[in-house]
Amino acid sequence: MKEKIQRKIDLKTKPQGSLGKLEDVAFQICTIQKTLTPELKKPTILVFAGDHGITNEGVSPFPKEVTRQMVLNFIGGGAAINVFCKQNGINLKVVDAGVDFDFPEHLNLIHAKVGYGTKNILHEPAMSESMCIDAINKGKEIVNQEYHNGCNIIGFGEMGIGNTSSAALLMNKITGYSIEDCTGKGTGHDDTGLKKKIEILKKASNLYHPKTPLEILADYGGFEIAMMVGAFLEAKEKNMIIMVDGFITTAAFLVAHAMNKEILDNAIFCHVSNEKGHKLMLKYLNVEALADLNMRLGEGSGAAVVFPIIQASVHFMNEMASFEDAGVSNRS
């Protein structure tokens, strides 16, 4: 099948390889779907939200209340992810994975709360293994529902003040890169704030010595990150196309990848985040992102912005003429 896919790409009315990464994406999607005529059905982005106990240590200049406020902004349609999803025809759903707030039941929100934020990891692990498993399973259930609704391409975003700290620690434990290499300024830190953040995360990194991906996730993860891990695993199980966003979602992907290496076959890495550490994550996974837009917003925004490039790869595969169809001479 792979030979047939490559032949169809090569015989389009263009020099071989001239569409660059679009050709790579077309080949990948056709390989996933085992077809020469790929389809993108009901594209969806799920934004998982959760609070982090480590925010009590000042790892972010923003208070944890911003998590709740941004969830309400998502529901109200006012965030960047709302704008980009609307622009590109992407279905957007918001998930309360573990926000420290009781949202009214009537809100247009997936209520999947595991807890009211994680514990402060300077004093105890972020969550118990049973809570971590619960979060993973809820992420799987949500993706399974989207699959049965007809979605075959899905991306994930997140919201959670303090979650760049959680992501940096997960990266540190999974990849072995130093805390300094894994830690960036996050949402608005200056150099002084970054230095303090690194000191706190170094201390946290030395407190626990998890051996398995599940233990790493329970010790240092967030509820929204754990749910994304489950979501990634289920998307692979259902053979969906997976759009990977930036630093925090890729941290969740690292954990999922440690649990199932084959998940890489279904993943399209949409952009390189400007958050320090993301390029090293991509290097560790030996992958290239489609775009470098200097973005570091989160929310799944990079995946939403890059989605039209993925669409373009499918459109050229299905609609562009071959040399034979167009009556164009190929080579002498």
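Every number here is computed from the coordinates shown, using simple stated rules; none is lab data. What you see is a predicted model, and the numbers here were worked out from it, not measured in a lab. Reconstructed Cβ throughout: ideal geometry from the backbone, glycine too, with neighbour counts over all protein chains shown.
Quick look at the numbers
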quantity: Separation between Cα centres of segment 207-257 and segment 29-74, rounded to whole Å; calculated: 12 Å
quantity: Difference of contour (0.36 nm per residue) and Cα-Cα distance, GLN69 to GLU141; calculated: 23.3 nm
quantity: Over 25 Å (Cα to Cα) - which of LYS86/LYS197; LYS12/LYS42; LYS203/LYS261; LYS14/LYS41; LYS34/LYS261 fall in this group; calculated: LYS86/LYS197; LYS12/LYS42; LYS203/LYS261; LYS14/LYS41
quantity: Helix-only [θ]222 nm of the chain, DSSP H runs n ≥ 4, -39500 (n - 2.57) each, per residue, nearest 500; calculated: -15000 deg cm²/dmol
quantity: Acute angle (nearest 10 degrees) that the helix 223-237 long axis makes with the longest principal axis of the chain, alpha-carbon atoms; calculated: 30 degrees
quantity: Antiparallel %, DSSP beta bridges [both residues in the chain], to 5; calculated: 5 percent
quantity: Förster-model FRET efficiency, 56 Å R0, THR212 and VAL328, C-beta, rounded to 0.05; calculated: 0.50
quantity: Rounded tilt (10° steps) of 21-33 against the dominant C-alpha axis of the chain; calculated: 90 degrees
quantity: Segment 44-315 shape via C-alpha gyration tensor axes, a/c threshold 1.5; calculated: rounded
quantity: Principal-axis tilt of helix 163-175 within the chain, Cα atoms, nearest 10 degrees; calculated: 70 degrees
